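These notes concern the structure reproduced below.
The numbers here are math on the coordinates, done by the rules we state, and not lab data. These numbers come from a predicted model, not from an experiment. Using ideal geometry, Cβ is built from the backbone for each residue, glycine included, and neighbour counts are taken over all protein chains shown.
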Amino acid sequence: MALRGWVLQIVHYGTVLTILSVLVIGGFQTLLKLGGHPQIALLASRLLGLPFDFAMCRKVTFVDGSFSKRRYLLAYGGTCAVSGIALETLGRAFGDVHLVGMASIVLGQGLHLLAMRKVVVRASYPSIDLDAFTPYPIHWHDSPEWVLFIKDMIRDTVLSLGHRLVELPLLCSLWRVLFGLKLESSISRAGMLFVHIPKAAGTSVSALLYGRNLPHLPMISLRRRLHPDVTALPSFAIVRDPVDRFLSAYHFTLMGGTELMLTSRFERWRLGRMMPLDRFLDTLEASPKLLHTVKQFIPQVDFVLDAKGELAVDRLFAIGRDGQLPASLWTWLEVDELPRLNSTPQAMPRLSAATRERIIRLYRADVELYEQVLRSGSYLTAGSGSDYRAEVA
């Protein structure tokens with residue numbers, strides 16, 4: 001296991017180094033073709049790559065550690081100087097400024113990662129302050145609406161394309177190296193795997209177990225993307241009354257999120273044409289596939305059932321009709337209470353019987369699964385032999 005860990009770290013750092021180096025080298029070669037001085041082209045390309053490098057260090061490579069911007073900039077500036085010295089020295093010896101420039105960039109980027117790993121980054125595994133918990137590395141709440149819209153439009157477009165491409169074997173391996181290893185580390189420390197269904201107490205559970213927010217990925221996707229040792233850990237999920245969950249997701253989107261977490265401004269703009277609720281339901285009934293395009297509205301069965309319609313997690317709990325989590329979940333998590341994080345304010349209108357029935361028809365598979373969990377008196381377990389999709393077909 002120790003050897004495997006070292007190999008995975010080498011692959012992880014090697015992949016990050018390659019991506020960063022290619023980005024900076026591309027800028028360097030472009031500036032040279034435009035007639036720029038080699039030293040100026042080198043410095044400018046390293047500076048152009050700085051925002052991407054910082055984002056990779058903060059959100060991918062050293063997400064489990066902490067470092068200040070000052071220490072980061074000192075390390076980056078120092079390795080820029082090393083790249084400049086290497087370019088000047090090797091340029092005199094070999095003459096080929098293009099080849100020497102690429103080598104100097106790779107050297108500088110490699111030394112920067114090494115400096116971050118050995119000197120700059122500090123280990124950070126404190127007890128989680130749930131009152132101060134935030135899912136964001138950047139506090140977006142203070143940003144202007146137009147900034148949020150542009151940011152969310154770019155992010156949603158990239159994620160939409162990425163989730164489709166990452167199913168390809170090669171890109172799935174790349175995703176695991178860049179993001180999966182950090183996710184595996186958090187899950188392994190907790191000793192259990194939680195499948196995060198949107199608007200079903202998932203943020204609270206994720207913060208308690210992992211000190212971070214887990215992505216909304218179905219169990220079958222986690223099995224493809226994460227190491228088998230991780231997906232073999234005890235797994236569980238929590239489902240919620242489908243009508244309550246739908247209304248919570250609807251108002252979460254309509255209000256732009258909560259004090260803890262913002263919803264996508266781009267999604268809200270896209271769905272705004274379908275509001276109010278009756279028009280939104282008209283659209284969903286005409287095009288049920290839309291349920292699968294916005295994460296808050298994806299059916300719960302998609303997260304916890306496999307391709308055969310069988311339960312993919314070891315245990316499936318349910319939030320009661322009174323909004324309370326079951327006592328069996330406290331036993332499973334070995335905790336006495338769970339903080340309420342990211343809960344949507346319950347200022348929701350009363351539904352007519354007809355509107356409630358329309359929501360139930362859209363989520364009839366979710367309704368049947370939820371009812372089965374409630375009838376179990378505690379939780380459903382994998383391997384019971386039930387085909388939950390078939391029962392509602």
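By the count of neighbouring beta-carbon atoms within 10 Å, fewest first, 57, 80, 172 end up ordered 172, 80, 57.
Please give the per residue volume of the convex hull enclosing the alpha carbon atoms of the range 2-123, rounded to a whole number of Å³. Don't skip to the answer; put the middle values down first.
Details: hull volume 12.3 nm³, N = 122.
That works out to 101 Å³ per residue.
Kirkwood radius and radius of gyration were both taken over the C-alpha atoms of the range 196-267, and their ratio Rg/Rh is 1.01. Between residue 364 and residue 147, the FRET efficiency from the beta-carbon distance, with R0 = 45 Å, is close to 0.65.
Report note on the peptides 204-211, 236-243, 70-77: ranked by the mean count of other C-beta atoms within 10 Å, highest first, their order is 236-243, 204-211, 70-77. Modelled label positions at residue 354 and residue 378, each set 7 Å beyond Cα in the direction of Cβ, lie 4.5 nm from each other. Put in line by how crowded their Cβ is, counting other Cβ atoms within 10 Å and starting with the fewest, 295, 151 read 151, 295. Summarising the amide proton neighbourhood of residue 239: residues at separation of 5 or more, or on other chains, whose placed amide H is nearer than 5 Å comprise 317, 318, 319. Using θ = phi - 60° in the Karplus curve 6.51 cos²θ - 1.76 cosθ + 1.60, the 3J(HN,Hα) couplings for the range 221-228 round to 6, 4, 5, 6, 9, 9, 5, x Hz; x is entered for Gly and Pro.
Rank by packing, highest mean first: peptides 33-40, 225-232, with packing defined as the count of other Cβ atoms within 10 Å averaged across residues. Walk me through the intermediate numbers first.
Working: 33-40: 12.1, 225-232: 15.4.
Ranking the peptides 33-40, 225-232 by packing returns 225-232, 33-40.
With the simple model of a label 7 Å out from the Cα in the direction of the Cβ, residue 179 to residue 99 spans 3.9 nm.
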